[in-house]
Amino acid sequence: MEHPRVIIVMTTPYSRNNSSRSLDAYFHFWEHDRVRQIFSRNWKPQKGHCGELFQITDAELLKCRLHRLKEPGTVYKREDLEDSGHNETLEEGSVASKSYSIGRKHSPSVELLRGMLWNKKYWCSEKLIKWLDDYRPELIFYNFTNNLFLQKIVLFLAERYRIPVVSAIGDDYYFSDRKSISPAYNLFRRKFKASVRKVFEQKGSAVYVCDGIRDRYNAEFGLDGETVYFCSSVERRPFRPINDENPVISYFGNIRIGRYKSILKIADSLLAINSDYRINVYSNEQDEEYTSALKDHPGVVFHGEIPYDEVQLRIKESDIYVVTEGFDKSSVDLTKYSVSTKVADGLMCGTAVLAFGPEECGAIKYLKETGGAAVCSDDSQLKDIISKLIADEAFQREIYDNSAVAAGKNHSVNGSCAAFENVVRKALAKN
């Protein structure tokens, strides 16, 4: 039986080589011709799971406003795309490049300007309408994000095609208010929360990364969504004691939200244990605000970005796989419910996992509950916990066995996809 025709609305193109690979927990078994996506990131998409993708960028909309472009939008067909393994940024001119550099800061002022830029009369083109009408979507998948423009697209699709919305909620953007005298911040928050409420008023459901965020959003918005953990395709390796003379210690992924500061503390502890120990950091981050301290630290080897196929190989080669979160309040507020693909990969891979961060953070709390990691939430204990992990083979074996149980229970492709399809069936039944 074929799956319903889904349209994914998300900033980043669905690919197994970037963070959007988390969508495999939902669409791994979907037919390619029944998955399409609208996205805004200024990347050329790689060959992935979508049969077709429609890209609308900030730069295109800016050109429309300046009357330099009649109609925005680029259609990509799966058979025409390459599986390059790296994210290729489009060449859009110096002004556009500068605007993306500013936009990456995601300040309230920038997001308000982006919200104005994404005026319906510019993005809702005849080209987009024809592409959608030819497809006739039956379901909208909305990846919950902290901006003011994706919601416009979701609401347009829901109204035009009278189809349900399944929202994927991994970060607590709605409730993460802070006291501020900034008019831009307060205006952005009012507009954002109003647009989110409109989306949640549509027929449909939601999927969540953990039970905590599920319970809060279901209760607030009257939703009946379910927890669907991210899955991992990493092949589990046999148990192997850590090489205490030259352990390979690795971190993969996002270094923002205070994570780079925690990595620096891990590096300090490693050097205090053994001056030859290093932590390898693999990330596509290019902003020196986050990378410079890592590159300058003698206990860190910063490798930059590698494709996900190579990530899987590096994980298997590692003795210790690091999961970390930031300790400052703003970082904790953003990650208190996050249980990312890094956690799924860590539990699935069989490598010893070191988790360092506040216990209030979703990933740290979850790993502690599973017993599938050496967990530290106190700077003063970090050195001792790392030393124990490296030296104590029985502790390593305990972590290995516990992670196998958690991975099998919550992070298999079959289990995650079956749970998601159950949510979809209920959402379609309401329509």
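Bear in mind that the values in this text are calculations on the coordinates, not laboratory data. Remember, predicted model here, so these are calculated numbers, not experimental data. Glycine also receives a Cβ, built like all others from the backbone with ideal geometry; neighbour counts cover every protein chain displayed.
Overview of values
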| item | result |
| --- | --- |
| Neighbour cut-off at most 14 other Cβ (10 Å), DSSP loop, chymotrypsin sites (Phe, Trp or Tyr not before Pro), segment 164-196 | Phe175 |
| Unit charges at the beta carbon, dipole of segment 249-410: most positive-side option, Thr291, Val301, Ile385 | Ile385 |
| Eligible aspartates and glutamates near Lys316 by straight Cα distance, threshold 12 Å, same-chain separation 8 or greater | Glu235, Asp345 |
| Contour excess over end-to-end distance, with Cα ends at Val405 and Glu88 and 0.36 nm allotted per residue | 110.3 nm |
| Unit charges on C-beta of K, R, D, E only; dipole of segment 339-431, Debye | 600 debye |
| For segment 318-414: relative contact order, % (alpha-carbon pairs under 8 angstrom, 6 or more apart) | 28 percent |
| Exposure proxy order (Cβ contacts within 10 Å, fewest to most) of Met116, Met10, Met1 | Met1, Met116, Met10 |
| Segment 411-431 and segment 281-314: distance between their alpha carbon centers, rounded to Å | 35 Å |
| Candidate lysines - alpha carbon under 21 Å from Lys121, same-chain residues fewer than 8 apart omitted | Lys63, Lys70, Lys130, Lys152, Lys191, Lys198 |
| Whole-Hz ³J(HN,Hα) from phi, Karplus 6.51 cos²θ - 1.76 cosθ + 1.60, for segment 188-194, glycine and proline x | 4, 4, 5, 5, 4, 5, 5 |
| Part-to-part distance (alpha-carbon centres) for segment 321-394 and segment 145-164, which is given in Å | 36 Å |
| Sparse-neighbour loop sites [GluC sites (Glu not before Pro); segment 276-357; at most 12 other C-beta within 10 Å; DSSP] | none |
| Computed label-point distance, nm, for sites Glu288 and Arg162 using a 7 Å Cα→Cβ extension | 5.8 nm |
| Given charges at beta-carbon only (K, R positive; D, E negative), |dipole| of the chain in Debye | 2040 debye |
| Val75 versus Asn119: modelled label distance in nm, points set 7 Å from Cα along the beta carbon direction | 2.7 nm |
| Cβ-placed point charges (K, R +1; D, E -1), dipole of segment 372-412 about Cα centre in debye, nearest 20 | 160 debye |
| In order through segment 282-287: 3J(HN,Hα) via Karplus (6.51 cos²θ - 1.76 cosθ + 1.60), integer Hz, x for Gly, Pro | 10, 7, 8, 5, 10, 6 |
| Answer label for Cα Rg over 2.2 N^0.38 Å (calculated), chosen among (1) 1.15; (2) 0.99; (3) 0.93 | (2) |
| For segment 2-59 and segment 198-252, distance of Cα centres in Å | 19 Å |
| Under 19 Å from the Cα of Lys295 - lysines, other chains or at least 8 residues apart | Lys261, Lys265 |
